[in-house]
Amino acid sequence: MPETPFIITVDTEGDDIWSRPRETTTHNALFLPRFQALCERYGYRPVYLANYEMAESDEFLEFGRDVLRRNAGEIGMHLHAWNSPPLVPLTDDDFRHQPYLIEYSDEVMNEKIKVMTVLLAERFGRPMVSHRAGRFGFDGRYAAMLLEQGYRVDCSVTPGVNWRTTPGAPGGTGGPDYRRFPDRPYFLDPGDIATPARRGLLEVPVTIGMSELFRAAPWAYRLPLAGPVVKRISPTLSWACPGENDLAGMLRAARRARATRAVCVEFLVHSSELMPGGSPRFRTAAAIERLYASLEVLFEELSAWCRGMTLAEFHADFSMEEAA
């Protein structure tokens, strides 16, 4: 019987945020039922991590309430700092720069988290316990604030990925560097979010597999002529995420997780990637059909050894096992 938890996380946000729109639309909410139906066919229960514009979307509200009513998934929180109230300008153009929440003052950070938490709880009739930071921008202050608001589990860490070169506010340090973070679930210490603790906020990292060749010979990837060839043959990182990898890459991530007896597999997709024109990678209806064909193959393979679980459920099971 399949035993490894398979957690599907959906960054549920406005259409094509990558294009940095000044007015955010939420047409992708109408495309979520197809994805939900696919997940349910395999017994998977997605976690929709919703940001401000989706929390305000009546179409997503109707969809999300139905998912909760049928116990077919979970609603959690996702926060894009530049358009989540209270709107406090940080740069000369926050919609263009899309600053990380961790670049704001503690006071503004805390208020944005509170507003989103209350809004989602009111809209969906239950407290929020699961979270992912916008643009994966996370730190110890953020973790402590989430704990204060009753959150139990976070999934912002992308092991092996350095976001320092991905700017937010001009003159800032960019995003977090997750290269030395654990790739398995752990309770984190807000004083050092890369360090496991005995209790607290549970971190469930995105499933990202690192090439064995890169582990053994990272220098080979830096060779002037051979490096690009090596990267094509054995990519450094393979994500369980269609926005980052094709089917081959997602299967590599999943198979490595199985080979290393991963505690769980965590898949990531953006809601707007499920709609034609909603993201840079999936611009056409044909691209969406190819995406669903890939998801069928991936979900079918995972069904042989994984069982669907939400983040809240995983937190409950993990906490019980740690206490035993």
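General remarks:
- Selection of region 280-307 for residues being surrounded by 16 or more Cβ atoms within 10 Å (Cβ to Cβ), in contact with a strand residue (DSSP E or B) (Cβ under 6 Å, 6 or more places away or on another chain) and not in a helix (DSSP H, G or I) yields only C306.
- The condition (being out of contact with any strand residue (DSSP E or B) (no Cβ under 7 Å at 6 or more places or on another chain) and either at pLDDT 95 or above or within 23 Å of E40 (Cα to Cα) (or both)) is satisfied by just one residue among P159, P89: P89.
- The set of residues from region 17-35 being out of contact with any helix residue (DSSP H, G or I) (no Cβ under 6 Å at 6 or more places or on another chain) and crowded, with 21+ Cβ neighbours inside 10 Å comprises just one member, I17.
- Filtering region 125-140 to residues that are touching a helix residue (DSSP H, G or I) at 6+ places or on another chain (Cβ under 6 Å) and more than 21 Å from T158 (Cα to Cα) leaves P127, M128.
- Comparison of A262, A253 shows that the only residue that is more than 22 Å from W163 (Cα to Cα) and among the small types (G, A, S) is A262.
- Region 18-49: number of residues that are under 20 Å from S84 (Cα atoms) and basic (K, R): 2
- Single condition A253 does not satisfy, out of (1) closer than 22 Å to L30 by Cβ; (2) outside any loop (DSSP other than H, G, I, E, B); (3) of a type in the set (A, V, I, L, M, F, W, C); (4) within 21 Å of the chain's Cα centre (by Cα): (1)
- Residue in region 98-107 that is over 30 Å from A304 (Cα atoms), surrounded by 17 or more Cβ atoms within 10 Å (Cβ to Cβ) and of a type in the set (D, E, K, R) present: yes
- Subset of region 64-94 [closer than 15 Å to L120 by Cβ and of a type in the set (S, T, N, Q)]: S84
- Residue match in region 104-117 (condition: at pLDDT 95 or above and closer than 22 Å to V161 by Cα): no
The values are calculated or read from the model by the stated rules, or taken from the named source; none is laboratory data. All values reported here derive from a predicted model rather than from experimental measurement. When we count neighbours, we look across all protein chains shown, and the Cβ atoms used for this are built from the backbone with ideal geometry, even at glycine.
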